[in-house]
Amino acid sequence: MSLPSEVDVAVIGAGAAGLGAAHALENSGLSAIVLEARGRAGGRGHTIMAAPGITFDLGCGWLHSADKNSFVQIAGQLNFEIDKTRPPWREQSFDTGFPRQERADFIRALDAFYERAEEAARELKKSGDDRAASTYLEPGNRWNPMIDALSTYINGSELDTVSILDMDAYEDSEINWRVRRGYGALMAAYGARCPLALNTQVTLIDHSGKRVRIETSQGTLFAGKVIVTVPTNLIADESIRFHPALPAKADAARGLPLGLADKVVLALDEPEALPKDGNLRGATMRTAMGSFHLRPFGQACIEGYFGGSFADALENSGDGALAAEAIDEIVALLGSDFRRKLRPLAESRWAHDPFARGSYSHALPGHAGARAVLASPVDGRLFFAGEATSPNFFSTAHGARDSGERAAGEILATK
Ligand SMILES: Cc1cc2nc3c(=O)[nH]c(=O)nc-3n(C[C@H](O)[C@H](O)[C@H](O)COP(=O)(O)OP(=O)(O)OC[C@H]3O[C@@H](n4cnc5c(N)ncnc54)[C@H](O)[C@@H]3O)c2cc1C
């Protein structure tokens, strides 16, 4: 779509939040456009065919809290099949490298940590104090590095950088489903009807005048109102500039950095040797380790997941480093025969992605309140959405979508 010179509402970013906003503005009588820097919709939702017959989500893959997830209904409307197979995260196929008894011990330590954290958050909420989640690890517990590894998958960051109050605010119904054709593919289909201007990078939002002036790589346009949905790291770094500047927003965004999670997919020869939707953990006593989903949907592949500073170090080692590490860890568990059975197909590099610069947000200790600050409108003209603004479903795709709908609702309420 070419750039109009004027619109009632400009939505910045065509990820889940921007698309949620655009849908909510449909039939409102307001003209709207979604300005998107990439050549595609979906943002951190991106499905590729890694090889014939192998669907791979480089970004979000799970419909978390599926019983409360607005994308479930959308998938039904768009004829996207939902797979309700339970996630294998607490299992270990073949009991290899991580025997059942050890696993039970680990799960006990993990659950005890979550209980301590919940109890502490209840107390801290009364005083408004906040602490790093790592404070509630039991000193000397041998499972602490692995509990921290889980934090790198869930928060994209180690527990010493995660606010306990924020961690406690996250809502998880523990029902996790998947989209057979890919979560990113579902998002792209959801965006198909939206008024999108692709390859349009916004550089400046000038709200000093009567109309908001937006400078983009495709020219300038004016809008009555703007919904900003870009990831926090881009607001923190002022990669999109506001004039006049919005220091409170930049501060809030700095308190909500994107952690890092990266995924890799490996083609698997002789797939029948491994269980469908199985699971493997690399090492058992380190934070720097991958988690492996065997044959997702029964496909002939293994998906690896890496998080936190380990994912960062792997990204910095260059293309192919994730795949090489994944193969080493799988071979250590399943035997050297697997080296010839595995072939790298694709891997993500979200920290190096200029329009994401990370994977999903967590609040730094002391910054749990930043989500509400980031979400609040400015002058009744600038509105904010995106996963980081969700009070309870932050870091997720459905939280992002719902936040876009919320921001559009704020605009419609002022009509
Ligand atoms: C590896 C990984 C695994 C994940 N797993 C899950 C999961 O299983 N389940 C789940 O629910 N969530 C998961 N997530 C998180 C989920 O993908 C995100 O929370 C969600 O997609 C964020 O949506 P958003 O609209 O807030 O942001 P984004 O999707 O980042 O959308 C923002 C958009 O703004 C655009 N943009 C940026 N700068 C500009 C600019 N200057 N001008 C114009 N446009 C710009 C971007 O290109 C992007 O399209 C995962 C994420 C990653 C990376």
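The values are calculated or read from the model by the stated rules, or taken from the named source; none is laboratory data. Please read these numbers as outputs of a predicted model, since none were measured by experiment. Virtual Cβ from ideal backbone geometry, glycine too; neighbours counted across all protein chains shown. Accessible surface is based on the protein model in full, side chains and every heavy atom, while ligands, DNA and RNA are left aside. Shrake-Rupley method; radii C 1.70, N 1.55, O 1.52, S 1.80 Å.
Heavy atoms only, probe 1.4 Å: what % of the accessible area of the stretch 256-396 goes to carbon and sulfur, would you let me know? Write out the running numbers ahead of the final one.
Details: 2590 of 4810 Å².
Ligands and nucleic acids excluded, carbon and sulfur reach 54 percent.
Pop out the carbon and sulfur fraction of the accessible area of the stretch 38-172 as a percent, whole number, probe 1.4 Å.
Numbers: 3330 of 6630 Å².
Taking all protein chains in place, the stretch 38-172 shows 50 percent carbon and sulfur surface.
Hand me the trypsin sites (Lys or Arg not before Pro) from the stretch 14-104 located in a DSSP loop with no more than 14 other Cβ atoms within 10 Å, in residue order please. Please report the intermediate quantities before stating the final value.
Numbers: sites: Arg38, Arg40, Arg44, Lys68, Lys84, Arg90, Arg100, Arg103; in loops: Arg38, Arg40, Arg44, Lys84, Arg90.
Listed in order of number, the matching sites are Lys84, Arg90.
How much length, in nm to one decimal, is gained on full extension between Ala332 and Val378, taken as 0.36 nm per residue of separation minus their Cα-Cα distance? Intermediate values should be presented prior to the final figure.
On the way: separation 46, 0.36 × 46 = 16.56 nm, distance 5.37 nm.
Full extension of this stretch gives 11.2 nm more.
Please work out how much accessible surface Glu325 shows to a 1.4 Å probe, ignoring ligands, DNA and RNA, in Å² rounded to 10.
Using a 1.4 Å probe on the heavy atoms, I get roughly 40 Å².
Greater than 19 Å separation of Cα atoms is the criterion. Which listed pairs, Lys225/Lys249; Lys68/Lys415; Lys225/Lys415; Lys84/Lys276, meet it?
Working: Lys225/Lys249 17 Å; Lys68/Lys415 29 Å; Lys225/Lys415 11 Å; Lys84/Lys276 14 Å.
Beyond 19 Å between Cα atoms: Lys68/Lys415.
Could you give the alpha-carbon Rg of the chain over 2.2 N^0.38 Å, rounded to two decimals?
Working: Rg = 21.5 Å, N = 415, 2.2 N^0.38 = 21.7 Å.
Dividing the Cα Rg of the chain by 2.2 N^0.38 Å gives 0.99.
Using Cα centres only, tell me the gap between the stretch 195-232 and the stretch 72-104 in whole Å.
Each part's Cα centre sits 40 Å from the other's.
Under a 5 Å amide H to amide H cut-off, with H placed in plane at 1.01 Å, what residues pair with Val11 once short-range neighbours are removed?
Residues meeting the criterion, in which the H sits 1.01 Å from N, are Ile33, Val34, Leu35, Ile227.
List the aspartates and glutamates whose Cα lies under 20 Å from the Cα of Lys126, skipping any in the same chain that are fewer than 8 positions away.
Glu115, Glu118, Asp166, Asp168, Glu171
Among Ala149, Ala324, Ala273, determine the one that fluctuates most according to a GNM of the chain built with springs between C-alpha atoms less than 10 Å apart.
Ala273
At 1.4 Å probe size, with every protein chain present, just tell me what the per residue accessible area of the stretch 262-352 comes to in Å². Walk me through the intermediate numbers first.
Numbers: 3340 Å² over 91 residues.
Roughly 37 Å² per residue, with all protein chains present.
Need one value: the accessible area of Asp337 in square angstrom, 1.4 angstrom probe, rounded to the nearest 10.
Taking all protein chains as shown, Asp337 has close to 80 Å².
Using a 1.4 Å probe and ignoring any ligands, DNA or RNA, find the accessible area of Cys60 and quote it in Å² to the nearest 10.
Approximately 30 Å² for this residue.
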